[in-house]
1. Which order do 111, 83 fall in if you start with the one that has the fewest other Cβ atoms within 10 Å?
2. Can you put 81, 166 in order of Cβ neighbours within 10 angstrom, beginning with the fewest?
3. Could you check the spin-label model distance between residue 21 and residue 127? Points 7 Å from the Cα along Cα→Cβ, value in nm.
4. Would you order 38, 119 from fewest to most other beta-carbon atoms within 10 Å of each residue's own beta-carbon?
5. Rounded to the nearest 0.05, what FRET efficiency is calculated for residue 96 and residue 57 with R0 set to 41 Å and r the Cβ-Cβ distance?
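Every read-out reported here was derived from the displayed coordinates using simple, explicitly stated rules and does not represent laboratory data. Just so you know, these numbers come straight off a predicted model, no measurement behind them. Virtual Cβ from ideal backbone geometry, glycine too; neighbours counted across all protein chains shown.
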């Protein structure tokens, strides 16, 4: 069992290393990409701040439709940060969310292995970890998730938080996993509409 825990520690180290490589690639190699999405997200965060950290019901001064139908949970969370931090560090917010996603994936994989009693080697986990962290959608720097502030990473995390515990419930039958999945599903609904 100690060997398995050491394997997990090594996997976490790979995760940190690969995230550092991604940050270096983004900051040193890839030129900054202007994101029109980021301007909208900053505007929405500002509106929520001005509304005393409550969801907004209308977008005043928008063409064609003033009804607020865009998901606001992510923006509400960010509204508690200083605006200077958000504007200067939008790409890092996305990278932190990517990092959280990877940690959750590794935790899910470890839990599935533990619950099913599957035999594995460190090499297999290492390959899986590398494939996960260097998959094309993560390294495509034209994809807005990798070049600025976006809600995509947040949505992917919420999706994993619904499906991961649901998978664990089907494997183990533990009702707690089903409850966690239901709570995450409620967050998905909250993040989807007001």
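1. 83, 111
2. 81, 166
3. In this crude spin-label approximation the distance works out to 1.7 nm.
4. 119, 38
5. After rounding, the FRET efficiency stands at 0.90.
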